[in-house]
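Take a look at the structure below.
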Amino acid sequence: MRRGKALILICALVGMSSILTACQKTPQNTNILKGMEAIEALDYNGALAAFDTAQLYEEDLQLVYRGEGIANMGLGNYQEAVKCFLMSLQEADGQVTDLEFDTNYYLASAYYKLNNYEAAKEIYDAILGLDAVAVDAYFLRGCCCLKQGDYDLAMADFKKAFDLAPDNIDLVADAFLELQAAGFEAEGMVYVKEFMSKESKRLTDSQKGTLYYYLGDYDNARIYLDGALTAGDAEVSLMLGQTYEKLGDRNYAVVVYHTYLDSYPANAAIYNSLGVCLMQQEKYEEALEAFEAGIALADISQQQSLLFNRIVAWEYLGNFAQAKNLMQEYLKYYPDDAKALSEWDFLSTR
């Protein structure tokens, strides 16, 4: 489930494997492959250096420009990213393959980051013109409509996305989160309640629990998620732990997280939630251990949050020198993080 992740992450998950595959099929694209590996390691400046070298060795320009675009997205240079993605598409010579589709998703995401929602919508329009069953394109176009205050068009796109993927209940929760973020929380709650009433018979306990969680009905969420919990179910464990936190029972939330990690330790998201919960209990050393364990897993979807939370843990431990060093490193990778910049202002006085 997206649960409010940035749109760039959605695109990254769609496109990263296809880029690496394309590079591996072409041995002379050695530096492009190095660049993509650097991106996976969040070393965006190192990636740009690798792509510069790739140009010198006349490697595949479509992949070079695409990689530069992704690296610039990571650095928050969205205008430059747009230029790179457009150049990548120009190198495609009119061909439309999975690579071009993915690059267009990245391009739309860059426009979205620049608050140019109309341009992003045009990209999704073009994608849907070629692929009328592109679920993500409908969903993301709906997000753009919400940003423009057009509730009706957004809901129409969300409905199309769900009609195409009726078993993907996550889309409903995702739509609610987008409605909430855009100031349509009341409408979103009505939407979810109507959906639950209509689809109640085919919803699983975990799906009901998840939707109740987003409705703020944590008692019902706990009942259904507890009933749905099975060994190895990371998503239910995570949601159940967060539900107990909302109910004010952080001790049991920690038990839920630990119970999962004791048997399945390779889950960065649960380490992150565990660490946050422990910090709320003022157990900062234990929280730091959880964040470090999560960081070691190198999960790109959780890494930014884990790295930031690690800094906060060091602050609470009173080690401002370590927190400053880590924040300097963090800002190299996430220079446009407003919360981190504010935190840096605080640390600079310590």
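The values are calculated or read from the model by the stated rules, or taken from the named source; none is laboratory data. For clarity, every value in this text was computed on a predicted model and none was experimentally measured. Counting neighbours? That spans all protein chains shown, and the Cβs are built from the backbone with ideal geometry, glycine included. Protein only, heavy atoms only, side chains kept; ligands, DNA and RNA dropped before computing areas. Shrake-Rupley method; radii C 1.70, N 1.55, O 1.52, S 1.80 Å.
Using 13 Å as the cut-off for backbone N distance, which residues of the range 59-98 belong to the label zone defined by a point 7 Å from the Cα of residue 119 along Cα→Cβ? Those under the cut-off are 77-87. So for the range 213-274, considering every pair of alpha-carbon atoms, how many percent are separated by more than 12 Å? Looking at the range 213-274, the distances longer than 12 Å represent 62 percent of pairs. Computed from phi, the 3J(HN,Hα) profile of the range 257-267 under the Karplus parametrisation 6.51, -1.76, 1.60 (θ = phi - 60°) reads 5, 5, 4, 5, 5, 4, 9, 9, x, 9, 9 Hz, with x in place of Gly and Pro. Taking all protein chains as they are arranged and a probe of 1.4 Å, the heavy atoms of residue 332 leave approximately 110 Å² accessible to solvent. Along the range 335-343 the Karplus relation, 6.51 cos²θ - 1.76 cosθ + 1.60 evaluated at θ = phi - 60°, assigns HN-Hα couplings of x, 9, 7, 4, 5, 5, 5, 5, 5 Hz to successive residues, with x for each Gly and Pro. Per residue, the convex hull spanned by the alpha carbons of the range 157-235 comes to 95 Å³. The alpha carbons of the range 201-322 give a radius of gyration and a Dmax of 14.9, 56 Å, in that order. With the largest listed first and rounded to whole Å, the semi-axes of the equivalent ellipsoid of the chain from the Cα gyration tensor are 34, 29, 18. Using the Cα gyration tensor of the range 260-321, with a ≥ b ≥ c the square roots of its eigenvalues, what is the shape: rounded (a/c below 1.5), prolate (a/b larger than b/c) or oblate (neither)? The shape class here is oblate. Here r is the Cβ-Cβ distance between residue 321 and residue 87 and R0 is 30 Å; the resulting FRET efficiency, rounded to 0.05, is 0.10. Each of residue 45 and residue 28 was given a label point 7 Å from its Cα along the Cα-to-Cβ line. The distance between the two points is 3.2 nm. Estimated purely from DSSP H runs of n ≥ 4, each contributing -39500 (n - 2.57), the mean residue ellipticity at 222 nm for the chain is -24500 deg cm²/dmol once divided by its residues. On full extension, the segment bounded by residue 337 and residue 262 gains 23.7 nm, given 0.36 nm per residue less the C-alpha separation. Sequence-ordered 3J(HN,Hα) estimates for the range 174-191 from the Karplus curve with 6.51, -1.76 and 1.60 and θ = phi - 60° stand at 4, 4, 4, 4, 5, 5, 4, 5, 8, x, 10, 4, 4, 5, x, 5, 4, 4 Hz, glycine and proline given as x. Counting only Cα atoms, the range 301-350 measures 28, 17, 15 Å along its principal axes, largest extent leading.
Averaged over its residues, the range 206-327 has an accessible area of 44 Å² per residue, based on protein heavy atoms and a 1.4 Å probe. If the segment from residue 53 to residue 96 were pulled out straight at 0.36 nm per residue, it would be longer than the present Cα-Cα gap by 12.8 nm.
Here's the picture: charge each Lys and Arg Cβ at +1 and each Asp and Glu Cβ at -1 in the chain, and of 218, 124, 134 the one pushed furthest to the positive end of that dipole is 218.
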